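None of the figures in this text is laboratory data; all of them are computed from the coordinates on show. For clarity, every value in this text was computed on a predicted model and none was experimentally measured. Every residue, glycine among them, receives a Cβ derived from its backbone with ideal geometry; neighbour counts consider all protein chains shown.
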Amino acid sequence: MLSSMTGFARQAAQFSWGTATWEIRSVNHRYLELSFRLPESLRILEPALRTQVQAYTKRGKIEVGLKVQLAEQERGSLRFNEALITQVIEAYQKFSQRVPQATLDFGKVLTWQGAINTEETDLSFIHNDLIELFSKLLQQFQQAKQTEGQAIAGFITERLMAIEQQAQLAATYVPEALLQARTKLLSRLAEAQQTLDASRLEQEMVVLAQRLDVSEELDRLQQHLKQVNALIQQGSEVGRRLDFLMQELNREANTLGSKANDIRLTQAAVEIKVLIEQMREQIQNLE
């Protein structure tokens, strides 16, 4: 099944020790890039979490966040940093000798970084609960990406069918385009008051037909369409190969357009290129 690199999932749960909320979001990226926003006391979990994510996805820029709210009985007690607070007060006293009107707001002193610390609490007892909840998050995340991937697959399939129709129409235009080219050649000869014997005229038409022949381009186009369809059916990490096939399809469409001497062939080539570009934009989001 095709999987998009774009996805979001959220899992929250209530435990006896408090609440935990996991969030994960991703956007397309050439490689796999992971970033974690975890409470400092839970950074020890990151290697295990990283391994779990890598088992689910191979590409994408992924951000993982965790919020934990401990129950009252599990929180560490507050502790004043007496040394820091004393230094601040002493510095104020020295400064107030030069600037008597200066005042000290003790409440603001307590908001200084490091003025009040929370005693570290051993949170190892919540690790298993967090990892189990994270596993549920990844399952939800994978389902979201696969749902998006299926939508992209449907979009691509519609464009493949449209390209197939344009290619079939282009094939029907070729005989008439050759006939028109023959008529134009004879008309130019008549205007120049020149004549060619039958064998020479036939040779000129063979050269002209070879120059205008787009059968090889249409055949290769059909082969590439079959390959794209096969990869879509295969699913699972085919984004890069599909992107390569878009380049191949575009090359054939360009050649078809450059050879066309009929406005309908030109329009078919342009329409095919538009459809290819639409597919390419969506394929950028696939793993």
Problem - 3J(HN,Hα) from dihedral phi, segment 18-31, Karplus parametrisation 6.51/-1.76/1.60, rounded to Hz, x for glycine, proline - result: x, 10, 9, 9, 9, 9, 9, 9, 8, 10, 5, 7, 5, 10
Exercise for the section: Return 2, 45, 84 ranked ascending by Cβ neighbour count within 10 Å, so the fewest neighbours appear first. Expected result: 84, 45, 2
Problem - Least to most buried among 219, 122, 262 (fewest other Cβ within 10 Å first) - result: 122, 219, 262
Handout entry: Exposure proxy ranking, count of Cβ atoms within 10 Å, fewest first, for 17, 22
Key = 17, 22
